[in-house]
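The values are calculated or read from the model by the stated rules, or taken from the named source; none is laboratory data. Given the structure is predicted, the values throughout are model-derived calculations rather than measurements. We place every Cβ from the backbone using ideal geometry, glycine too, and count neighbours over all the protein chains shown.
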Amino acid sequence: MELAQVELRRVHLPLVAPFRTSFGTERDRDILLVKVTTDQGVSGWGECVAIAEPLYSAEYVSGAQEVIRDFLVPRLWGVRELTAPRVAPALAGVKGHRMAKAALEMAVLDAQLRATGEPLAEYLGAVRDAVPAGVSVGIAESVPALLDAVAGYLAEGYRRIKLKIEPGWVVAPVRAVRERFGDIPLQVDANAAFGLADAGLLRQLDAFDLLLIEQPLAEEDLREHAALARLLRTPICLDESITSAKAAADAIALGACRVVNIKPGRVGGLLEARRVHDVCAANGVPVWCGGMLETGLGRAANLALAALPNFALPGDVSASRRYWRRDITEPFVLEDGHMRVPGGPGLGVRLDEAWLGEITSSVQRLTPPA
Ligand code: OSB
Ligand code: MG
């Protein structure tokens, strides 16, 4: 196949509730969707996970759109027999911008698999058709408000709770959740909000038998994470720091983490995400699938990935209703604490075109140079 058209569509979706992290509060998502159409008339969709502002990582949604339009798509025009494995090599000259690259690769992969009729999960090497679901719980107004939120998610059947933490919201929320809900699978995520000088504070979490502490220190602080790991009993899991399979191998070799969070957008695409999975598996390091408040499109891809063998812990793969009043695909639902892996060709989901039309703020169509 060859690329015939690329459509960049921005959609605006309010979250069902504000989501507060150490880097800011997300109230709605300004999402970039990428639709590719091949010379054979087959379409594929990708979702860019960059958020509106460069607060989680350096990427942000408008920047991603500009990079895709001006630097990435021009490198794909005229690539003969374009398949997903050819996308990253064709884009390698452009430094960074992994979320932008991942969105484009996802769209090409969806088109490729829709053309051959193969489900994404099967293509990636999935070994299960449903995965246990966890939920990421934002920083709350108060401890009672947090307990209410957690109680609701547990009642829905979520198999693991992740609490966002930040300076001033560390021990009290974790202690309160443990006291109220007992021995549930529980972990925390700091989004890089601490320094090595906070080791004493973070060490207090060792009393609560957490599954892991996610990204306590800055993205670049691999050496410091290794030093912190020697001071804590709680396993360190890295999110922001793991930008590639090589970064994962380095982090593991340094002793910076014992668990890895995999997000396809953060590492430049689903194929690199699979390589991160493979490197971790080869080192005996369990992984789980992170989330970026995706729509059903990104969720479909995450679920296919999370069905690989070394995804040993429940992921941040939650039901549509945890995020949206109305998703842009058929809604994903929790079934006995699990999310079903889509089984149709490609991503295996259908977009709700009418709803998409209502929430679209802009559309850019790109075609090959004459
Ligand atoms: O650090 O895992 C994170 C959302 C946006 C940016 C970063 C993170 C998150 C989440 C939400 O924790 C996970 C989800 O999509 O449910
Ligand atoms: Mg995280």
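Table for the structure above
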| read-out | value |
| --- | --- |
| Residue ID - surrounded by the most Cβ atoms within 10 Å (Cβ to Cβ), chosen from residues in region 311-326 that are within 15 Å of ligand 1 (Cβ to nearest atom) and of a type in the set (Lys, Arg) | 322 |
| Lone qualifier among 248, 273 - being in a helix (DSSP H, G or I) and closer than 21 Å to residue 132 by Cβ | 273 |
| Test set (1) surrounded by 23 or more Cβ atoms within 10 Å (Cβ to Cβ); (2) on the phi < 0 side of the Ramachandran plot - residue 269 fails condition number | (2) |
| Unique match (being farther than 21 Å from residue 311 by Cβ and assigned by TED's automatic domain parsing to the domain that holds residue 207) among 135, 108, 127, 143 | 143 |
| Scan of region 196-238 for residues that are in a loop (DSSP other than H, G, I, E, B) and not hydrophobic (A, V, I, L, M, F, W, C), ordered by number | 209, 215, 216, 219, 220, 221, 230, 233, 234, 235 |
| One residue from 310, 283 being at negative phi, away from ligand 2 (no atom under 16 Å from the Cβ) and in contact with a His (Cβ under 8 Å, 6 or more places away or on another chain) | 310 |
| Residue within region 342-357 that is within 14 Å of ligand 1 (Cβ to nearest atom), without any contact (Cβ under 8 Å) to a residue 60 or more places away in the chain and surrounded by fewer than 24 Cβ atoms within 10 Å (Cβ to Cβ) present | no |
| Meets criteria (under 28 Å from residue 68 (Cβ atoms) and touching a helix residue (DSSP H, G or I) at 6+ places or on another chain (Cβ under 6 Å)) for residue 268 | yes |
| Elements of type helices (runs of 4 or more DSSP H) contained in region 8-103, each with 3 or more residues being on the phi < 0 side of the Ramachandran plot and either in contact with a strand residue (DSSP E or B) (Cβ under 6 Å, 6 or more places away or on another chain) or of a type in the set (S, T, N, Q) (or both) | 61-67 |
| Test: residue 139 is touching a strand residue (DSSP E or B) at 6+ places or on another chain (Cβ under 9 Å), within 16 Å of ligand 1 (Cβ to nearest atom) and outside any helix (DSSP H, G or I) | yes |
| Check on residue 329, among the hydroxyl-bearing types (Ser, Thr, Tyr), in contact with a helix residue (DSSP H, G or I) (Cβ under 7 Å, 6 or more places away or on another chain), surrounded by fewer than 24 Cβ atoms within 10 Å (Cβ to Cβ) and touching a residue at least 24 places away in the same chain (Cβ under 8 Å) | yes |
| Every pair of residues 6+ apart whose Cβ atoms lie under 7 Å, when the first sits in region 247-262 and is under 25 Å from residue 102 (Cα atoms) and in contact (Cβ under 8 Å) with a residue 40 or more places away in the chain while the second is crowded, with 24+ Cβ neighbours inside 10 Å and of a type in the set (S, T, N, Q) | none |
| Test: residue in region 196-207 that is at pLDDT 95 or above and within 16 Å of ligand 1 (Cβ to nearest atom) | no |
| Some residue of region 94-107 being touching a Phe, Trp or Tyr at 6+ places or on another chain (Cβ under 7 Å) and more than 16 Å from ligand 1 (Cβ to nearest atom) | yes |
| Qualifying residue in region 146-162 (condition: within 18 Å of the chain's Cα centre (by Cα), within 16 Å of ligand 1 (Cβ to nearest atom) and of a type in the set (Ser, Thr, Tyr)) | yes |
| Breaking point among (1) small (Gly, Ala, Ser); (2) in the same structural domain as residue 111 (by TED's automatic domain parsing); (3) within 16 Å of ligand 1 (Cβ to nearest atom), for residue 306 | (2) |
| Residue within region 305-321 that is over 24 Å from residue 112 (Cβ atoms) and among the hydroxyl-bearing types (Ser, Thr, Tyr) present | yes |
| Top-ranked residue in region 172-195 [being touching a Leu at 6+ places or on another chain (Cβ under 7 Å), among the aliphatic types (A, V, I, L, M) and not in a loop (DSSP other than H, G, I, E, B); ranked as farthest from ligand 1 (Cβ to nearest atom)] | 176 |
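One line per residue, one yes/no per condition, for (1) of a type in the set (A, V, I, L, M); (2) assigned by TED's automatic domain parsing to the domain that holds residue 178; (3) surrounded by fewer than 15 Cβ atoms within 10 Å (Cβ to Cβ); (4) more than 13 Å from ligand 2 (Cβ to nearest atom):
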position: 199; (1), (2), (3), (4): yes, yes, no, yes
position: 202; (1), (2), (3), (4): yes, yes, no, yes
position: 216; (1), (2), (3), (4): no, yes, no, no
position: 222; (1), (2), (3), (4): yes, yes, no, yes
position: 225; (1), (2), (3), (4): no, yes, no, yes
position: 229; (1), (2), (3), (4): yes, yes, no, yes
position: 233; (1), (2), (3), (4): no, yes, yes, yes
position: 239; (1), (2), (3), (4): no, yes, no, no
position: 244; (1), (2), (3), (4): no, yes, no, yes
